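Structure first, commentary second.
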Amino acid sequence: MSVQWDGSPPDPAGRGRVDGGVRTDDAVRPEDGPGRLPAPRPGGRAEARRAARDRAVPVRPGRGGTGEGGRTAARAGRRDAPREPRADGRGGSGGSGRRTAARSPERAGRGGARRLIAWSVAGVLVVLAGAGGAVYYKLNGNLRSFDADAIAPDRPPESAADAHGHRPVNLLLIGSDSRAGKNSDLGGGDEDGARSDTTILLHVYADHRHAVGISIPRDALVTVPRCKLPNGKWTREQPGQMFNSAFSVGNSESGNPACTLNTVERLTGIRVDHTIEVNFEGFAAMTGAVGGVDVCLPNDIHEGNINPNLGRKGKVVLAKGRQRVSGQQALDYVRLRHGIGDDSDVGRMKRQQAFLSSLLAKIKSKGLSPGTLLPLADAATRSMTVDPGLDSAAKLVDFALTLKSIDLHEVKFLTTPWRYSGSRIDLVHPAVDTLWRTLQADRTIDGQDATGQQDAAGAPTAEPTPSPTPSAEPTPAVGADGAPIRVTVYNATNAAGLAARAAETLRAARVTVAGTSSRGTARATTTVEYGTGQRAAAEKVAALFPGAAVAPGQAAGISLRLGRDYAAGGSPSPTATGPAGAPAPLPTEVVNEARSGDDDICSNVSYG
């Protein structure tokens, strides 16, 4: 395209402007020569000005010229000619228009390219920011959270902070077997309602470098406390129930994760900080989002093992040995119960622990960053329910990023100490009580401080705390009103010696024992009853007896009524535990059964 400053009226094609602006002309005449501006049309003010310039400035010999006075004369004429005002009132051809026309095409090209690149980069950043916002918006739309009012009001206290002000975090992970929506196809059944297929209490230590996941058997017999129904009403406490029945309270298709939370807190005496529940569909999508998870099996698994009602062996679904699974195959692996080991839920929990270890290893290998976590969250949140504290994508990703410093070897998995009770499972006391107290004290399963600082070589030692004089009386435990806590102990079972043993536990915790008695109405669950204004003190007493219920009583003061659950195992030894001291070590067999996050995926994946 050619450019010519012109003051002539527009031609019929619309080229040229009356105001002296730019006229474009794509028809370059041959006489103009390559790269030359076309000569102006004959006649008009432009030709008159040129003739005047030619008369005023002679051509100097030896410099070359043209038929119109040469380039030098033309330049001189442009410098000396008077400026003619433009029709729009701005300067004439000697103004900014002349500078624009005279600018080097290369410089103009470079400037335009730089502006193009700058605007392109800005555009990409805007698009990326918008995409990120869109992802978070989408995740927020996916997430569901349960009502905070469904969490029981009589909760254990929050975990204490360590010397650096950091607190441990307790995360409840629930895998549900709801058949609602697409879950029916993945779950292989059409039962109504939902149950908790997997439940793991993950304790992240205050240093956020260690963690331990405790699998709670779905068949374990526990007390399900009062829980909120979908219609807003609350149930009554139900002792002696299968653990996974808590998730079914209300018989809704989405389940009741808040009731499972309440049950875990009652069972363990540990406050649950966050809850995440994922159903079949969400789990299958998660495994695909990370590109599959490596697992291992000691033998082939057939269709008949996955679905015992099939009536035949069927083809191989999961092959013996190492393999990578995702989607339906991954779901089959973690739900597999038959055709391996003793066909029990205990063996299945071991495979679930192995799977989680492998999943964590896969995620950490990709790097714990928003780029890794967002696609994973996108897959998971399609079928995820969380507590109100994790009810946005930002909260969920931020929480996940706090776990990035945990080393795989420092992630341990184990199952609560257990034993068979017919077709069900009983939790073994006092080992399980010691486990809960170990977590309450933020100590590892081998009894160490998670920070390891107390054993660091060369670490400065604190000044020893002066020991009390022999005549000093221990400070008694007090209630909310500041008065010493006094408890009367009743043995409500046929087992002998329970009241005396419980009294020792109370005295070790600086609780005053008002008296003991073997008289009392027989009951299954240990209960702490309280009179008017004594609830807070009763909760402190109940915390010494994990699993104990708290209820208002008929008499004034506090009564501890021991049930058959206490007779089955009793409480931890008062000489080895107590609020003022570290818990007793866990039994060796419990510690040896623990799985590290970096263990071989083919080890410890079955039972019996």
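The values are calculated or read from the model by the stated rules, or taken from the named source; none is laboratory data. Being a predicted model, the structure only gives us computed values, none of them experimental. So basically every Cβ, Gly included, is an ideal-geometry build from the backbone, and we count neighbours across all protein chains shown. These area figures cover heavy atoms from the full protein model, side chains too; ligands, DNA and RNA do not enter into them. Shrake-Rupley method; radii C 1.70, N 1.55, O 1.52, S 1.80 Å.
Some observations on this one:
- Summarising the amide proton neighbourhood of R226: residues at separation of 5 or more, or on other chains, whose placed amide H is nearer than 5 Å comprise E237.
- Largest first and in whole Å, the equivalent-ellipsoid semi-axes of segment 341-407 read 26, 16, 11, each the square root of five times a Cα gyration tensor eigenvalue.
- Segment 392-450, Cα convex hull volume normalised per residue, Å³: 144
- Cleavage-rule hits, trypsin sites (Lys or Arg not before Pro), segment 364-436, DSSP coil, Cβ neighbours within 10 Å at most 16: K404
- Measure of compaction for segment 211-262 (Cα Rg per 2.2 N^0.38 Å): 1.16
- Computed on the Cα trace of segment 203-360, the radius of gyration divided by the Kirkwood hydrodynamic radius gives Rg/Rh = 1.00.
- FRET efficiency for D598 and A514, using Cβ-Cβ distance with R0 set to 56 Å, rounded to 0.05: 0.60
- Peptides 137-148, 491-502 ranked from most to least packed by the mean count of surrounding Cβ atoms within 10 Å: 491-502, 137-148.
- Orientation-averaged projection of segment 271-396 equals 8.8 nm² [convex hull of Cα atoms, one quarter of hull surface area].
- Using only side-chain charges placed at the Cβ, +1 for Lys and Arg and -1 for Asp and Glu, the dipole size of segment 269-381 relative to its Cα centre rounds to 360 debye.
- A Stokes-Einstein calculation at 25 °C with viscosity 0.890 mPa s, built on the Kirkwood radius of segment 261-345 over Cα pairs, returns a diffusion coefficient of 165 µm²/s.
- Burial ranking of peptide ranges 266-273, 320-327, 368-375 (average Cβ count within 10 Å, highest at the top): 266-273, 368-375, 320-327
- Surface share of carbon and sulfur [accessible, 1.4 angstrom probe, percent] for segment 267-317: 47
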